[in-house]
């Protein structure tokens, strides 16, 4: 197989994986974002449905804050049996300043965290937030929702990077040849190339087959139990309080009569 054919196989595989990854990252059902101010630091809880065992759920937060302000969010998640599972902690912020290169402005106005839930059912989330500086009043609203995704697109991320790097190398060396075609042989047509003796079957086994396997795994919903303490040790935005895990939603002093999320 020549370099050109190999390039085309890898390119088509990358495009296919990228498209399928985008499909998996699509919500199963479109739910409206809810104002954080209606749930945070109140007795109102947010309930969400995990439609199938092993569903991937995504926690979305959107909100552009006023400059020189921040908002810390804490979302406690309880299972169908009202037992505490884990807590999501993250921040939105907006900063501006001036340095040797001039003035600058930076925002963090989106939070996206995906997590697999092994058991279907109705879950409950309790939201807390804290803002600063306290003099900031306007421009601090944010909106959130929790939705089920069609699959786990993160499984394809590494393979997309690998194929992308290979394609980038091909483009780099291909353009280098075009600029110096009088000094170099054409690597795409050179029959003595190391790839000229590689069969199409080998390329399929090395490039295409792993992509197919990863796509199947990404769409598979595993109901294998989760150790939330272990998850918290490997995810910087998720924590699982051992003491809280001994309590339920009721015993922790929360009220379960909340509005349905996404309605």
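Here, each number is a calculation from the coordinates, and none is a lab measurement. Just so it is clear, the model here is predicted, and its values are computed rather than measured. A quick note on method: Cβ atoms are made from the backbone with ideal geometry, for glycine too, and the neighbour counts reach across all protein chains shown.
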Item to check | Hull shadow area, averaged, segment 1-125 [alpha-carbon convex hull, nm²] | outcome: 13.1 nm²
Item to check | Spacing of the two label points (7 Å from each Cα toward its C-beta) at residue 93 and residue 204, in nm | outcome: 5.2 nm
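Would you mind getting me the FRET efficiency between residue 23 and residue 53? Use the beta-carbon distance for r and R0 = 22 Å, nearest 0.05. Provide the component values of the computation, followed by the final result.
Values: r = 21 Å, r/R0 = 0.94.
Plugging the Cβ-Cβ distance into 1/(1 + (r/R0)^6) gives 0.60.
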Next on the checklist: Give me the one-decimal nm value for the distance between modelled label points at residue 103 and residue 119, 7 Å along each residue's Cα-to-Cβ direction.
Outcome noted: 5.4 nm
Checklist entry - In a solvent-free Debye calculation with one equal scatterer on each Cα, what is log10 I(q)/I(0) for segment 5-64 at q = 0.13, 0.16, 0.23 Å⁻¹, listed in the order of the q values? => result -0.59, -0.74, -1.06
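If the chain between residue 217 and residue 143 were fully stretched, how many nm would it gain, using 0.36 nm times the residue separation less the Cα-Cα distance? The partial results should precede the final answer.
Working: separation 74, 0.36 × 74 = 26.64 nm, distance 3.18 nm.
The span from residue 217 to residue 143 would gain 23.5 nm if fully extended.
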